[in-house]
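*Asks:* Handing you a structure now.
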Amino acid sequence: MYSKNRSLWIWLFVVAINMLAVSAYSETTNAEINSNPEPVAVSPISPVPATEANDLNSSAAPINNTPPATSEMTAQPVSPAAAEVTPVATAAIVYTKPYSVGFDKINTGDTAWMLSSTALVLLMTIPGLVLFYAGMVRKKNVLSTALQSFAICCLVSIIWIVIGYTIAFTPGTSPYLGGLDRLMLSGLGYIKATSQLTVSHLAPTIPESVFVMFQMTFAIITPALIVGAFAERMRFTAMLIFMALWSIFVYAPVAHWVWEPTGLFASMGVLDFAGGTVVHINAGAAGLVCAYVLGPRVGYGKVPFIPFNLVYTLVGASLLWVGWFGFNAGSALAADGRAGMAMLVTQIAAAMAALTWILIEWLVKSRITMLGFASGAVAGLVAITPASGFVNVNGALAIGVAGGALCYLGATSLKRLLGADDALDVFGIHGIGGLVGAVLTGVFADKAISGLDANVALQAVAAVTTLAYSAIVTLIILKIVNLLVGLRIDAEDEHDGLDLTQHAERIM
């Protein structure tokens, strides 16, 4: 039988060889594609190649990484043969902020898919994350942990329509914050009498109301993820104040940097298809700071903390997995081939990461656990998120292996090294998985799929910058909340459990 250390090092060596091999293959494939002399026409409002079979009613929607427009009018590229017949290029307006269109400009297929994706992403928080976290805490804290995610859903929904959306998804006077054009959703409209409604410049084939709702579900799940780091010890009122401030001062600005074309990172060419940086690195960094500031739970490392019901956790992980198709494939903002590829690579990476996690677990601990399978699958889903609209099958396999292996280390060895009581491994899985995915997006991005160039160094800089910003601002917010209401419950209340002391309820 292998010793624990020997097994771990052998497996890491195998992972490294696998990564190098797949990386070499990916570089060769990209080189062959780039050497193809055949030109590829590109839609003036989208980085999606125009060669995809889209009819007039289903033009490709721009993704989160659409570069900012340099002029209001852009000429359509035409082939030499077409130029002989039509000597004057067709002009198309490139919009840089939300605008009004007629009902006939809305694509019903895209809208139906985005309505479905929105429901799937909301499913990730309630009931997915509710069950996933509730099953891992002790019986005396199940109700409180579940309620925190539910309450965040309600709280952030209102914050998003009041100020979050306008900060994140409208152009501002600087690359750091959006404007206030959509404060309280002012200007968003649907007028049946004139057959007009508003659309976002990022999603011109669906109503702006649908785009607002879709992005709202991302704004909901991101702070809800942080709950797992400080589980079983934060005051409920402190949690509500913290999440409100964090959503405004951390989530919305970072979403603007990455997904609004005029934002800091988007204008530099940083790729994040569905939220590896915005959601997972952001939440992971905040979770780690919360764990440090609140300190360890009473008895941490001295007494066993028995999970209430790991079946709840597995059911929650399953709901997260299903909802993730809306998360990743929905980020194409259209029912098209890119959405299909994003869905495929999401499934592949999640499955590969789960198998990688339990293989390491078996080599190191000589057993395979339900919690290991669930954690590995979530690690793969996290890691593929920023790359899901940019990579091929080989890239998905490599990201799955890396995500499973490195998140396992993040939730075990790195957690012990950092010494923080990150109760449900928010940083180990979401923080590390987000970092892995963000950097490997630069390695495995396939230009034939994305139509965009990737830069590994740029991806790494954006990831580390987001990590630092989230950590610093989270620390400031925690200090403010602590002065206002106090962050942590006292030792006696913690012993009795949050269900009873915070909510006067308990599971019988």
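*Asks:* Of the residues 168, 224, 231, only one is open to solvent by less than 10 Å² (accessible area, probe 1.4 Å), modelled with pLDDT of 95 or more and over 22 Å from residue 273 (Cβ atoms); which?
*Replies:* Values: 168 fails: over 22 Å from residue 273 (Cβ atoms); 224 fails: over 22 Å from residue 273 (Cβ atoms).
The conditions single out 231.
*Asks:* Continuing with the same structure: Quick one: residue 159 ticks every box in (1) open to solvent by 20 Å² or more (accessible area, probe 1.4 Å); (2) out of contact with any Ser or Thr (no Cβ under 8 Å at 6 or more places or on another chain); (3) not in a loop (DSSP other than H, G, I, E, B) except a single one, so which number is it?
*Replies:* Of everything listed in (1) open to solvent by 20 Å² or more (accessible area, probe 1.4 Å); (2) out of contact with any Ser or Thr (no Cβ under 8 Å at 6 or more places or on another chain); (3) not in a loop (DSSP other than H, G, I, E, B), residue 159 misses just condition (2).
*Asks:* Given the residues 316, 326, 340, which is the only one that is modelled with pLDDT of 95 or more and in contact with a Pro (Cβ under 8 Å, 6 or more places away or on another chain)?
*Replies:* Values: 326 fails: in contact with a Pro (Cβ under 8 Å, 6 or more places away or on another chain); 340 fails: in contact with a Pro (Cβ under 8 Å, 6 or more places away or on another chain).
When all the criteria are applied, what remains is 316.
*Asks:* Turning to a different aspect of this structure: Regarding residue 252, is this residue open to solvent by less than 10 Å² (accessible area, probe 1.4 Å) and either within 30 Å of residue 492 (Cα to Cα) or not in a helix (DSSP H, G or I) (or both)? Quick ask: steps written out before the conclusion?
*Replies:* Values: open to solvent by less than 10 Å² (accessible area, probe 1.4 Å): yes; either within 30 Å of residue 492 (Cα to Cα) or not in a helix (DSSP H, G or I) (or both): no.
In short, no.
*Asks:* So, one more: Is there any pair with a first residue in region 402-414 that is under 13 Å from residue 359 (Cβ atoms) and in a helix (DSSP H, G or I) and a second that is open to solvent by 30 Å² or more (accessible area, probe 1.4 Å) and at pLDDT below 95 whose Cβ atoms are under 9 Å apart and which are 6 or more apart or on different chains, and what are they?
*Replies:* The qualifying pairs are 405/11; 405/12.
*Asks:* Which of the residues belonging to region 360-376 are open to solvent by 10 Å² or more (accessible area, probe 1.4 Å), aliphatic (A, V, I, L, M) and assigned to a helix (DSSP H, G or I)?
*Replies:* 363, 364, 370, 371
*Asks:* Could you list all residues from region 294-347 that are within 28 Å of residue 204 (Cβ to Cβ), aliphatic (A, V, I, L, M) and in a helix (DSSP H, G or I)?
*Replies:* Step one: of region 294-347, the residues within 28 Å of residue 204 (Cβ to Cβ) are 323-346.
Filter once more, keeping what is aliphatic (A, V, I, L, M): 329, 332-335, 339, 341-345.
Selection gives 329, 332, 339, 341, 342, 343, 344, 345.
*Asks:* Here is a follow-up. Among the residues of region 359-388, count how many are under 28 Å from residue 442 (Cβ atoms) and among the aliphatic types (A, V, I, L, M). If you could, list the steps in order and put the result at the bottom.
*Replies:* Start the filter on region 359-388 by keeping residues that are under 28 Å from residue 442 (Cβ atoms), which leaves 359-360, 375-388.
Add one more test, that the residue is among the aliphatic types (A, V, I, L, M), and what stays is 359-360, 377-379, 381-384, 387.
Of the residues in region 359-388, 10 are under 28 Å from residue 442 (Cβ atoms) and among the aliphatic types (A, V, I, L, M).
*Asks:* Only one of 475, 458 is part of a helix (DSSP H, G or I), farther than 30 Å from residue 139 by Cα and either in contact with a Phe, Trp or Tyr (Cβ under 6 Å, 6 or more places away or on another chain) or at pLDDT 95 or above (or both); which? Reasoning before the result, please.
*Replies:* Details: 475 fails: farther than 30 Å from residue 139 by Cα.
When all the criteria are applied, what remains is 458.
*Asks:* Considering only residues that are free of Cβ contacts under 8 Å to residues at least 12 places away in the same chain and part of a loop (DSSP other than H, G, I, E, B), which ones fall in region 187-224?
*Replies:* Here is the first cut: in region 187-224, the residues free of Cβ contacts under 8 Å to residues at least 12 places away in the same chain are 191-194.
The answer is 192, 193, 194.
*Asks:* Going through region 122-156 one residue at a time, which ones are among the aromatic types (Phe, Trp, Tyr) and surrounded by fewer than 19 Cβ atoms within 10 Å (Cβ to Cβ)? Explain how you work it out, then say what you get.
*Replies:* Here is the first cut: in region 122-156, the ones among the aromatic types (Phe, Trp, Tyr) are 132-133, 150.
Once the filter is applied, which keeps residues that are among the aromatic types (Phe, Trp, Tyr) and surrounded by fewer than 19 Cβ atoms within 10 Å (Cβ to Cβ), region 122-156 yields only 150.
*Asks:* Follow-up. Within the group 118, 111, 96, which residue is at pLDDT below 95 and surrounded by fewer than 24 Cβ atoms within 10 Å (Cβ to Cβ)? Spell out the reasoning first.
*Replies:* On the way: 118 fails: at pLDDT below 95; 111 fails: at pLDDT below 95.
Just one listed residue meets the conditions, 96.
*Asks:* Please find, among 426, 481, 436, the residue that is within 23 Å of residue 303 (Cα to Cα) and open to solvent by less than 40 Å² (accessible area, probe 1.4 Å).
*Replies:* Details: 481 fails: within 23 Å of residue 303 (Cα to Cα); 436 fails: within 23 Å of residue 303 (Cα to Cα).
So the residue among 426, 481, 436 that is within 23 Å of residue 303 (Cα to Cα) and open to solvent by less than 40 Å² (accessible area, probe 1.4 Å) is 426.
*Asks:* Additional query: Output the qualifying pairs, or none if there are none: Cβ atoms under 9 angstrom, residues six or more apart or on different chains, first residue in region 326-341 and in contact (Cβ under 8 Å) with a residue 12 or more places away in the chain, second residue among the acidic types (Asp, Glu).
*Replies:* 333/110; 334/110; 335/110; 336/52; 336/110; 337/52; 338/52
The values are calculated or read from the model by the stated rules, or taken from the named source; none is laboratory data. Note that the structure is a prediction, hence the values are computed from the model and not measured. Cβ sites come from the backbone with ideal geometry, for glycine too, and all protein chains shown count toward neighbours. When the accessible area is computed, the model is the full protein with side chains, heavy atoms only, and any ligands, DNA or RNA have been set aside. Shrake-Rupley method; radii C 1.70, N 1.55, O 1.52, S 1.80 Å.
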